[in-house]
Every structure is written in structure tokens, then in C-alpha cells.
Amino acid sequence: MVNVLKEATNFTQLLNTAEQVRLENLGNIVYLRGLIEFSNYCSQDCYYCGIRKSNHRLKRYHLTKEEIINLAHIAYKNGYQSIALQAGEISSEKEVNFLADLIKEIKDITPPDSLSLGITLSTGELSYQQYKKLRDAGAHRYLLRIETSNEDLFTSIHPPPQSFKKRLECLYALKDLDYQVGTGVMVGLPQQTYEDLANDLLFFQEFGIDMIGLGPYIPHAATPLAIKGVNENMDSYTSTLKMLALTRIIMPDINIVASTALQTINPLGLEAGIKAGANIVMPVLTPEAVRGKYSLYNNKSYTPLIELANRIANINYEVGLWTLGDSPYYFFRTGLQNT
Ligand code: 5AD
């Protein structure tokens, strides 16, 4: 795999194989997750991330419960069937309780006897009990990227008390609680090697991950990692596409996101990501007034749903509305029933 990642030859063949594997296993449907970035407060200080707590230049926001429920309602009415609630890392019990109440209320939006709105969370490292509270409230998917499976590299981009070990413990806790577990990495980090990327793929497979969100690392001017620039040995765009394709080939029935970061660094990133094997897109529902403040990296791209749908249709894929689009692998892994 290292050679496939490293070499420029056979790139088209790799992408074609991935597309074939995807069409055979999952068909041509692309599922939507309405992304609600409900707060940019963050209790962590990751060296690469624009919303890190030490970025004092950033104005912080937190949507109210009513605003979030309203957005969830819009998603539901438009047939999205799933939303993803994302924020900077939450830490207080108060915030966990807010989220648990919110999830319960969002679940109530759905009329009885119909498919309820799927809820994906992405709010960072929490305790087992906190993950449990949110699972019991009705969330059923959780995204927590490992960022890199190289422990030394992980340590170099996260200040203490964050640790690789803790991140792994969180992923195992999520698995134990029967969440559909999503993880992923950034591609093109300074000092990252092709061996690291190959090991990331093995990590996804060995852990038995249900969902993948991976994208290019994009330096953010207001972060300490920006001084190191980009990885000179790696083109983050082609390497991300190769990572998507290889992930799809080795894990044919998991869900893979065409990330916003991929769409940000290339105007055709959406199409390329889908053709490389991604079957999930996360249209941003965050209100325009605060969107700019959820700046994980610079110049984040936003594509309106209508444009997304047209572009997806133009490459002969179809948007899957009114259906959850859960990771088939999750049901295989857990033996749970896909309703
Ligand atoms: N470039 C690309 N991705 C980033 N993320 C955070 N900062 C950056 C950046 N500068 C990603 C991380 C995190 C997710 C929410 O956003 O992978 O897990």
C-alpha cells in the first residue's frame, strides 16, 4: 500500500477500482448528513485547528436549543433523515446535559411510526458515562478522528493532557456502547510519511471502523502548526483521493465522507471524492451569520444543497433522501438488525 500511495502511476486505475468496488457493494446512492456546527467553543488546544481555545482572535458562538431544533426540523422536512451535531470539544457536565436534552427533543420531531432522524455527534473526547448518556438520549453515530495513527506524530500536534492513548480509549468506549463509530485522519500533515498513511488504513481495518471522514490538512494562519507550512513530500489532494480509494477497496461496506476540506482545496473535490469511493456528503446547515466562525482551517468551502444535488447527478450518482443510509458494515460487525 505504501507504494500505491507514493507512486504517481496507476492513479486512474486505483480510482476506477475503488469506484467499481463502491458501485458493486453500495450502489450509486450518496447519503446526506445535515451538518449543524452548533458551537465553536472548544476546551482543547490542538496545534492545527482554528477553533482551538487559545485562538483569542476568534469570536465564539453557541446556537440556542431552539435554533438547533429549528435546523434539525428543516433537515427532516427536506428528507435528509440524518443530522450531524458538531462543536468544539465540550467538557462540562452542563454542556453534556444540554446535548442530551437536545437530542431527546430532536428525536421527538419525528412523527410516530416513521423513521426517526438519525443523529451523529462530533463533540470530542468525553468520559464513558457521558458517551453513554448521549447514546441513551438517542444519538447513534459518533465521529472522533484519530487524526494520525502514528503516536509520535499525534503527540507532536496535540498538547498535553491530550494523548493518543486517551483517544483510543474513547474510540473503544464508543464501540462498546454500540455507536456506529467514525474516525479518520488528516492527510499531508508536516512530517507525515506514506508509511504513516498506510498504517492509518490498517488501523481503520483492524479497529473495525464503521465510518471514515478523512481529508487534507489545511494550515490555519492562527495556529502554531502553520509555521511548519505544508508537507513538501506529499500532495495532500492526490494523497487524500488515494486514501479514500484504498479505504473503499479494503473496507467495501463502510460509510465514507467526501469531506469539506477536500472540497475546499479543489473546486472538483466533491465529485472526485465521490468517484474515489465516498458515499456520504455533509451539507452545512449552520446559519450563515455564524458559519465563518467555525473556521477549523482557512477558506472553508460551502456548497448549497441544490448545487450539491446537481453536481452529484451530473456524475451519475443519486442523493438518498428519506433513508438513514447507515453503514452496512456496522450491522455485520455487531449482528444488530438493520431496521
Ligand atoms: N486542516 C484540516 N482538517 C482540520 N481539522 C481541524 N483542523 C484542521 C485543519 N487545519 C479536522 C480534524 C478534526 C475535524 C473536526 O476537523 O481532523 O478532527
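A quick yes/no check of all residues on (1) open to solvent by less than 60 Å² (accessible area, probe 1.4 Å); (2) in contact with a helix residue (DSSP H, G or I) (Cβ under 7 Å, 6 or more places away or on another chain); (3) closer than 26 Å to L246 by Cα:
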{"site": "E7", "(1), (2), (3)": "no, no, yes"}
{"site": "V21", "(1), (2), (3)": "yes, yes, yes"}
{"site": "I36", "(1), (2), (3)": "yes, yes, no"}
{"site": "N78", "(1), (2), (3)": "no, no, no"}
{"site": "E89", "(1), (2), (3)": "yes, no, no"}
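Going through I312, I256 one at a time, which residue ends up being among the β-branched types (V, I, T), more than 28 Å from K65 (Cβ to Cβ), touching a Gly at 6+ places or on another chain (Cβ under 6 Å) and open to solvent by less than 20 Å² (accessible area, probe 1.4 Å)? Steps first, answer last, please.
Values: I312 fails: touching a Gly at 6+ places or on another chain (Cβ under 6 Å).
Selected residue: I256, the only one of I312, I256 that is among the β-branched types (V, I, T), more than 28 Å from K65 (Cβ to Cβ), touching a Gly at 6+ places or on another chain (Cβ under 6 Å) and open to solvent by less than 20 Å² (accessible area, probe 1.4 Å).
With open to solvent by 30 Å² or more (accessible area, probe 1.4 Å), part of a strand (DSSP E or B) and out of contact with any Leu (no Cβ under 7 Å at 6 or more places or on another chain) as the only criterion, which of Y41, Y31 stands out? First the steps, then the outcome.
Values: Y41 fails: part of a strand (DSSP E or B).
Going through Y41, Y31 in turn, the sole match is Y31.
Are any of the residues in segment 62-70 surrounded by 17 or more Cβ atoms within 10 Å (Cβ to Cβ) and not in a helix (DSSP H, G or I)?
Yes: segment 62-70 contains one or more residues that are surrounded by 17 or more Cβ atoms within 10 Å (Cβ to Cβ) and not in a helix (DSSP H, G or I).
Applying the selection to segment 285-309, what residues are in contact (Cβ under 8 Å) with a residue 12 or more places away in the chain, within 16 Å of the ligand (Cβ to nearest atom) and open to solvent by 40 Å² or more (accessible area, probe 1.4 Å)?
R291, K293, L296, N298, N299, Y302
Out of G118, G138, which single residue is open to solvent by less than 60 Å² (accessible area, probe 1.4 Å) and over 19 Å from G213 (Cβ atoms)? Please lay out each step first, then the result.
On the way: G118 fails: over 19 Å from G213 (Cβ atoms).
Going through G118, G138 in turn, just one is open to solvent by less than 60 Å² (accessible area, probe 1.4 Å) and over 19 Å from G213 (Cβ atoms): G138.
Hey, any hits in segment 93-104 for a residue that's more than 13 Å from the ligand (Cβ to nearest atom), outside any helix (DSSP H, G or I) and either closer than 15 Å to Q44 by Cα or open to solvent by 30 Å² or more (accessible area, probe 1.4 Å) (or both)? Walk me through it before giving the result.
To start, the set of residues in segment 93-104 that are more than 13 Å from the ligand (Cβ to nearest atom) comprises 93-104.
Then keep just the ones that are outside any helix (DSSP H, G or I); that gives none.
Checked segment 93-104: no residue is more than 13 Å from the ligand (Cβ to nearest atom), outside any helix (DSSP H, G or I) and either closer than 15 Å to Q44 by Cα or open to solvent by 30 Å² or more (accessible area, probe 1.4 Å) (or both).
Considering only residues of segment 111-127 that are more than 21 Å from S327 (Cβ to Cβ) and away from the ligand (no atom under 16 Å from the Cβ), which is nearest to the chain's Cα centre (by Cα)?
S127
Examine segment 232-251 for a residue that is among the β-branched types (V, I, T), within 13 Å of the ligand (Cβ to nearest atom) and touching a helix residue (DSSP H, G or I) at 6+ places or on another chain (Cβ under 9 Å), and state whether such a residue exists. Give the derivation first.
Let us first name the residues in segment 232-251 that are among the β-branched types (V, I, T), namely 238, 240, 247, 249-250.
Those still in the list that are within 13 Å of the ligand (Cβ to nearest atom) too: 240.
In the following step, the residues that additionally are touching a helix residue (DSSP H, G or I) at 6+ places or on another chain (Cβ under 9 Å) were identified as 240.
Within segment 232-251, one or more residues are among the β-branched types (V, I, T), within 13 Å of the ligand (Cβ to nearest atom) and touching a helix residue (DSSP H, G or I) at 6+ places or on another chain (Cβ under 9 Å).
Is it true that some residue in segment 187-205 is open to solvent by less than 10 Å² (accessible area, probe 1.4 Å) and of a type in the set (F, W, Y)?
yes
For segment 144-164, give me the residue count where each residue is open to solvent by 40 Å² or more (accessible area, probe 1.4 Å), over 22 Å from Y194 (Cα atoms) and in contact (Cβ under 8 Å) with a residue 12 or more places away in the chain.
Residues meeting the conditions: 0.
Cβ-Cβ distance below 8 Å, separation of 6 or more or different chains: which pairs start in segment 223-249 with a residue that is within 13 Å of G188 (Cα to Cα) and end on one that is polar (S, T, N, Q) and open to solvent by 30 Å² or more (accessible area, probe 1.4 Å)?
Listed by first residue and then by second, the contacts come to K228/Q191; N231/Q191; N233/T193; Y237/N266.
Go through segment 71-90 and report how many residues are within 16 Å of the ligand (Cβ to nearest atom) and either within 26 Å of A226 (Cα to Cα) or in a loop (DSSP other than H, G, I, E, B) (or both).
Total meeting the criteria: 5.
The values are calculated or read from the model by the stated rules, or taken from the named source; none is laboratory data. Since this is a predicted model, take the numbers as computed values, not measurements. Because the Cβ atoms are built from the backbone with ideal geometry, glycine has one as well, and the counts that use them run over all protein chains shown. Just the protein is used for accessible areas: all its heavy atoms, side chains included, with ligands, DNA and RNA removed. Shrake-Rupley method; radii C 1.70, N 1.55, O 1.52, S 1.80 Å.
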